[in-house]
Every structure is written in structure tokens, then in C-alpha cells.
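What follows draws every value from the coordinates through simple rules; no lab data is involved. No experiment lies behind these values; they were computed from the predicted model shown. Here Cβ is always computed from backbone atoms with ideal geometry, including for glycine, and neighbour counts include all displayed protein chains.
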Amino acid sequence: MNVVIVESPAKAKTINKYLGSGYTVLASYGHVRDLPSKDGSVRPDEDFAMSWDVDAKAAKRLNEIAEAVKGADKLILATDPDREGEAISWHVLEVLNRKKALKGADVERVVFNAITKTAVTDAMRHPRKLDMELVEAYLARRALDYLVGFTLSPVLWRKLPGARSAGRVQSVALRLVVDRELEIESFKTQEYWTVEAEVSAGSDPFSARLVKLDRKRLGKFDLPDEASAKAARKAVEAATLRIAAVEKKPGRRSPPPPFTTSTLQQEAARKLGFSAQRTMQAAQKLYEGVDENGGLITYMRTDGVQMAPEAIDETRRVIGERFGTNYVPEQARIYKTKAKNAQEAHEAIRPTSLARHPTMVRLDGDLQRLYELIWRRTIASQMESARIERTTVDIDSLDGALGLRATGQVVLFDGYLAVYEEGRDDAAADEDGARLPAVAENASARVHGVKADQHFTEPPPRYSEASLVKKLEELGIGRPSTYASILTVLREREYVRMDKQRFIPEDKGRLVTAFLEQFFERYVEYDFTAALEEKLDKVSAGDLDWKELLREFWRDFHAAVEGIGDLRVTQVLDSLNEALGPHIFPDRGDGTDPRTCPVCGTGQLSLKVSRFGAFVGCSNYPECRYTRAVAAPEGGEADADGGDRELGLDP
DNA sequence: CAGTGAGCGAGCTTCCGCTTGACTT
């Protein structure tokens, strides 16, 4: 008898089926051990010694595993083929060794990145040893995260009452939200106008935009006000027009790759309105399966876009049957990940059987809709590209001073668009979607009406859950298993709030960000994690000692912590006040200096702290009693207003 | 209705990443 260890029970069940009777497949249910949530779990002055703790539930699992291993010939560690997976195998092995549960049993490490019968049985024939360098990269990652989080958080408690936590991932996610808000606040809207004419040339009328005026190309801001727009409109109305050129260009649109965790969360938000959490809950149920037929989709926490060859074959077959052979490309499509720091331990998220059409499964609301989305996306990813034709019609005045342009596109062959079109976040609507009537070059054109429209440039949009997850993934920050919880932490700490499904930073979040930027700048830089990952890669390649990585990190980090530890709260505030700027003193938009007191008009505002939390107060205290709360400790809210009220704006 | 106030204090909070049930509301 052989004992096989994987992470999840659903996976254990499937693999058991593939391997048959000579094997017992058990799940570890995750990491099994972790650092206890208290001081001293990682000890830099003992050469980064780490204490591990097995919680009660994991202990039960491990006892079951130890029991099964007792009479076994072999222990086969088949956890995920990435850094964390290697670590899980190591943790399990460590515990079993400590229990002395491994007498005589051989230990093998086996990896597969698709759960198909061929992939699994093939992997079983190629066992290897545990990769200790990969495990050491994990240890470095784990220790660093602990040291950053469990050092910075207490610093925050002491220096900024009301602030609760900081960490390598959450603090950068928060910074993204805060920085975007600052961008929005400092954004200057700009007015511009466009002129559009309804024209015809022996055809149905169509609309064309003014693109040339006074023999010059019209830039976006060349019609800055109503007067210039009206003058341009008059010029169009007075002009004699002819069709100068008709150009048709063929184009292709290729399908998007199949889903990863990040893209699934984004699309489910855009198309179904699901939060990241709701998406993951539904996906988990689809993965576990609803009846005896097993899971309906592959593993839902993945950054891989690749698919098992068997699945690609089946997808192509289903496309041929349902849509016709002209929808099947000659070659199967192979996708490569673009995400930084992708581990690609798992396949893309796809139905376990493409033949299981959404109409053939009966599921609860969320599950049904999510399954259909995944089925369509997977099918689309292997379908033929759409072929389109883009048409551009240039219309000039006879004297050549004016130019108008109309664009349109026609889908000649829909290809993958027959099942799926990717949603958009904040992009402007397609303007060249319309079909244009056939017109002949040199035909004269008639103007039916001209309109001038006013527009204003808009600031960048606030992050939604979907766009923030997308950004985090681009920066290589966080993992598929943590995206949804990162969003939750920011809300629980009251660093941000949601408004119309968008993240808005609270003053508390701005303050924490300003503080970290001021005193721990390099640890909240957007590429800190990417740089760390490069070093971790060196560790796993054997080119860098994991303790050397930690020593180097700790030297600088510890110095920064010592530096601020010596400062009194008031000194921190003085230094912070210099740097705070728009984080805490936003432009009020009425031309007054953001740092002068809005009540007395002479006092200077600055940040202070008390047992009520951080607040902004006037230098003329106690004559002037203007205050504005910035960050209150848990439950320490003065009243329902939360100090948000702008006192004294109308004295 | 006004709007907490700054060198003292007891004791509390916290990280990231991997995985699901077993508690009660």
C-alpha cells in the first residue's frame, strides 16, 4: 500500500479514482503548520530560528496520515508543484518524522500540473526528492512576511492610535487606493468640444466627426470652448463636401485566454455583478461538485492559463459539433501567462468536461451563472478568431480646408464572438461599432445637420474589486488564494470604504499610507514584492542563501524600526506634518491654503494625536477650537458623525 | 450642544498563504 498526500479532499477523491486500489490518497488541508500569532515566532538574533505550531484540526489530519503511513511501503508527497506546495510536503514530512511515523517507508515527491489520468499516472513514474532549496525560499518568504507584519503593526499602534495593521501585501494594496484618490483630487478637468455632422452621399445618412479645420488636424483640445465649437460648426454647414477616400481594412480579433482566478473574479464582477468573495464561494462549490459525478470545474485558485492536452482536444471537438468545423482553428491555441510572479502550478479554470453544456447541469443561481461563464470562456479560448472589416470614410471640403471622418466596422465572421465577448472595466464605449453605408469616392456629400457637443476630461476611476485585483496581479502582489481576503482586510481595518462598488480611502487609510511612505518607504514601494520574488528565485536556484536574504533585509528594516522607535510621538508628528500634504490636508477647492484653519483663518492646521485617535487641530487652540478627526481607535468614535463634519465652514 | 488636546498608566490589537468544515446567529 502507498499513501499519497495532496492538499485538498476534492483532489484526493479524483486522484484516488485514477490510481486505484494500491493507493490511499489523503488531503493535508493546507499548510498543516504555521508560525504562532505572537511575538518571537521568528527570532532574528538566533539566526532566524522559527517556531512552528500545529493547530488542533491539523493535528487530527496528521494523526490520520500517520496512521495510514504506518504499514505503508511508500509515502508519496503530491502537493502542488510550486513553492508553497513544496513547503506543504516539507511540513507534513517534518511532523511525521517527529512522530517517528515513518519507519521503513520510502518517501517520494511527485508533481503534476493537471489532474488528468495520464498526467497523474505519468507523474507517479517520475518521483524525485524533496527540493530543499525551494522549501528554503518558502521559509524566507514566510519569515519576512511575519517580520514585516508583526513589527510594523505594533509600531503603528504606538505612533498612530486607531491604526491596526500593516504588511507587505495589504499596505501596498492600500497605497494603490490612496494614490488613486490623490490623483483624482489633484485632477484638473479640461473642457473640450467635438463637432459631428450627419452626411449622406447618395446613401443613407451617417455621422462623421470633424477632424480637420483650417487645413490643420484637429487635436483633442483644439476646440476648447463654445465659441470655437460654434465657429467650427458654421464652417461645416457652409462647406461643400465630397467623399475623398474610402478605405477598407481587414482585421482580426482573437479570443481571450481561459480563466485564471484573477480574470474570473474580474469577469464575474463585470458580467454578473459578483464580489470577489461571492465568486470564490461559488467556484469552490463547482470544484467540489454537486453530485456523484465529481467536480464540475478544475481548481479555482490558479494563475495558469494553460490547459491539459486532453481538455484542448475535447474543447475543439465540442466546438466542431456545436458551431461547425469552420469555428475550429487549424492549430490548437497555446496561451502563455503574462502575470508577473506566476507559478502556473495548476491549469486554467475550465469545466472538467466541456461536453457538459450549461443547459445539461441544474445548479443553484450563482453556480449556474458562473458555470456558464466558465464554459463559454473556455470554449471561446479555443475558437477561431473573429474576422472584421474596418471602414474609414474621409470627407473633405472642396477647398481642402475642412475634413470629416466616419469609421465603422462590420463583422464578416463572428468566430469566438458567437459565444463570448470580454467585458470592459472603465473603457469608453466603442465608437466605431456602427456599419457604414456604401459610398463612392469623389461622390458629393450633403450635410443634413451639424451638432457641437461639450465634453470634459475625467479623472481616472476609483478602483473596483476587479480592477484592484487586476492591478495587484500585474504587480505580482498577493496570490490567487488571497486576492479576495486582501480586499476584506482593507475594509475590516476601516482603511477604506466602498461606495457604489468602488474603493474610497478613509482618512485612517491615508494616514497609515503617509506614515509608511515617510518612514518605511521601500517596503511599500510597488515593486518591493517583485524584487523579493527575484531574490526568492535565486534562493530556489541555489544561488543565494535564504538566511543571507533575511540578514540583508533585516539589517535595513530593523534600522528603520529603531530609527522611529527613538522618536517621540510628537516628533513623528512634526516629521509627518511636513510630508503629509494632500493625504490629510486636501485642497478644499475654494482657493484657500489647505493648511490654514477654516474657522479662525489665521491658525495653522497640523496633525495631532490623543487617546481619541489622530485628529487635525488649529494652532490657535484653545482660542480656536477647530478639530477634524482623522483616525479613531476601535469603538472610540465620538458619535455617529465620526468627526467627518467640516466644522466652521458656515460659522 | 459642543466638538475631544499634546511628557504618566492596564491591556488589547498584528503578517501572508495554503486549505475546508463545525461552530452558532
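Each of A:Arg270 and A:Ser254 was given a label point 7 Å from its Cα along the Cα-to-Cβ line. The distance between the two points is 1.8 nm.
Placing +1 at every Lys and Arg Cβ and -1 at every Asp and Glu Cβ, with all other atoms neutral, what dipole size does the stretch A:115-245 have around its Cα centre, in debye to the nearest 20? Could you put the intermediate results ahead of the total?
Working: 23 positive and 18 negative charges, 100 e Å.
With only Lys, Arg, Asp and Glu charged at Cβ, the dipole is about 480 debye.
For a test of the definition: using alpha carbon positions, the gyration tensor, and the 1.5 limit on a/c, classify chain A as rounded, prolate or oblate.
Details: a/c = 2.63, a/b = 1.19, b/c = 2.22.
In terms of gyration-tensor shape, oblate.
Site pair A:Thr240 and A:Arg317 shows an inter-label distance of 6.9 nm when each label is modelled 7 Å from Cα along Cα→Cβ. Dipole size of chain A about its Cα centre, with +1 on Lys/Arg Cβ and -1 on Asp/Glu Cβ: approximately 1360 debye, rounded to the nearest 20.
Under the convention that each Lys and Arg Cβ holds +1 and each Asp and Glu Cβ holds -1, the size of the dipole of the stretch A:1-149 around its Cα centre is about 760 debye.
Starting from 0.36 nm per residue, how many nanometres of slack lie between A:Glu310 and A:Ser610 once their C-alpha separation is accounted for?
Numbers: separation 300, 0.36 × 300 = 108.00 nm, distance 6.43 nm.
Full-extension gain reported as 101.6 nm.
Beta-bridge orientation, chain A: approximately 85 percent antiparallel, per DSSP, counting only bridges with both partners inside.
Contact order for chain A, expressed relative to its length and based on alpha carbon pairs under 8 Å spaced 6+ residues apart, stands at 16 percent. Between A:Ser619 and A:Asp45, the distance separating the two model label sites (each 7 Å from Cα on the Cα→Cβ line) works out to 4.2 nm.
Rounded if a/c is under 1.5, else prolate if a/b beats b/c, else oblate: with a ≥ b ≥ c from the C-alpha gyration tensor eigenvalues square-rooted, which is the stretch A:225-308?
Working: a/c = 5.08, a/b = 2.68, b/c = 1.90.
Verdict is prolate for the stretch A:225-308.
Converting phi to 3J(HN,Hα) with the Karplus coefficients 6.51, -1.76 and 1.60 and the offset θ = phi - 60°, the stretch A:204-219 yields 4, x, 9, 9, 9, 8, 6, 10, 9, 9, 6, 6, 10, 4, 8, x Hz in sequence order, with x at every glycine or proline. Subtracting the Cα-Cα distance of A:Arg522 and A:Thr482 from their residue separation scaled by 0.36 nm leaves 12.1 nm.
Secondary-structure-derived ellipticity at 222 nm for chain A, considering helices only, amounts to -12000 deg cm²/dmol, per-run term -39500 (n - 2.57) for DSSP H runs with n ≥ 4.
By per-residue mean of other Cβ atoms within 10 Å, what is the highest-first order of A:395-403, A:94-102, A:274-282, A:450-458? Don't skip to the answer; put the middle values down first.
On the way: A:395-403: 17.8, A:94-102: 14.9, A:274-282: 20.7, A:450-458: 13.3.
Averaged packing, sorted descending, gives the order A:274-282, A:395-403, A:94-102, A:450-458.
Farthest toward the dipole's positive end in the stretch A:449-580, which of A:Val496, A:Thr513, A:Gly542, given Cβ charges of +1 (Lys, Arg) and -1 (Asp, Glu) about the Cα centre? With unit charges placed on the Cβ atoms, the residue in question is A:Val496. Of the trypsin sites (Lys or Arg not before Pro) in the stretch A:482-532, the ones in a loop by DSSP (not H, G, I, E or B) with at most 14 other beta carbons within 10 Å are A:Lys500. Rounded to the nearest whole Hz, the Karplus-based 3J(HN,Hα) values (6.51 cos²θ - 1.76 cosθ + 1.60, θ = phi - 60°) of the stretch A:123-128 follow the sequence 4, 4, 7, 10, x, 9, with x at glycine and proline. With the charge dipole of chain A set up from +1 on Lys and Arg Cβ and -1 on Asp and Glu Cβ about the Cα centre, the Cα lying farthest toward the positive end among the listed residues A:Ala12, A:Thr189, A:Ala208 is that of A:Ala12. Take every pair of alpha-carbon atoms less than 8 Å apart whose residues are at least six positions apart; their mean separation over the length of the stretch A:337-435 yields a relative contact order of 23 percent. Couplings 3J(HN,Hα) for the stretch A:453-461, derived from phi with the Karplus relation 6.51 cos²θ - 1.76 cosθ + 1.60 (θ = phi - 60°), are 10, 8, 9, 10, 5, 10, x, x, x Hz, where x marks Gly and Pro. Backbone N atoms of the stretch A:184-198 closer than 19 Å to the 7 Å Cα→Cβ label point of A:Arg424 belong to residues A:194. Taking the dipole about the Cα centre of chain A, with the C-beta of Lys and Arg at +1 and of Asp and Glu at -1, give me whichever of A:Gln170, A:Tyr138, A:Gly589 is farthest to the positive side. The residue sitting farthest along the positive end of the dipole is A:Tyr138.
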